[in-house]
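Only one structure is covered here, and it is reproduced in the block below.
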Amino acid sequence: RAAAPAMVGRGRGHILLVSSLAGVAASPASSLYAATKFGLRGFGHALRQDLAGSGVGVSVLLPGFVRDAGMFADSGATLPPGVGTRTPGEVAAAAVAAVERDRAE
């Protein structure tokens, strides 16, 4: 939010917030994590509305389970059959697409 005024002054820019699917659907034993991710998602959507028409976009990225890097990969947890994962490269590509296309999520 602190970066937004300078972006608005230039008439361009983009803020990308990385939340989680936990910001869309909560699961057992994750109440604090889910609360932070729901909050970040809500902040992003409200900020996007605040900045509408300014030339500054806001996107919220909602990655699910990421293999090969990060919290899930570090935990060594296994997922139930049928639950997919993404690579760090796929998450990065989604981030670039969100900014390039000015997608809300």
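The values are calculated or read from the model by the stated rules, or taken from the named source; none is laboratory data. Every value quoted in this text rests on a predicted model; they were computed, and no experiment measured them. As a convention, Cβ positions derive from the backbone with ideal geometry for all residues, glycine included, and neighbour counts pool all protein chains shown. We work out accessible area using only protein heavy atoms, side chains counted, and drop any ligands, DNA or RNA first. Shrake-Rupley method; radii C 1.70, N 1.55, O 1.52, S 1.80 Å.
Things worth noting here:
- For segment 1-69, the per residue solvent-accessible surface stands at 58 Å², with DNA, RNA and ligands left out and a 1.4 Å probe.
- Taking amide H as placed 1.01 Å from N in the peptide plane, the amide H of Gly57 sits under 5 Å from that of Gly13, His14, Ile15, each at least 5 places away or on another chain.
- Tail beyond 21 Å, pair distance distribution of the chain (Cα, percent): 41 percent
- Estimated dipole of the chain in Debye, rounded to 20 [Cβ of Lys and Arg +1, of Asp and Glu -1, Cα centre]: 240 debye
- Among Ala46, Val18, Ala92 - extreme Cα towards positive end, dipole of the chain, charges at beta-carbon: Ala46
- Label-to-label distance, Thr85 versus Asp50, with points set 7 angstrom from Cα along the beta-carbon direction: 3.7 nm.
- Given R0 = 35 Å, the distance between the Cβ atoms of Ser75 and Glu105 translates into a calculated FRET efficiency of 0.90.
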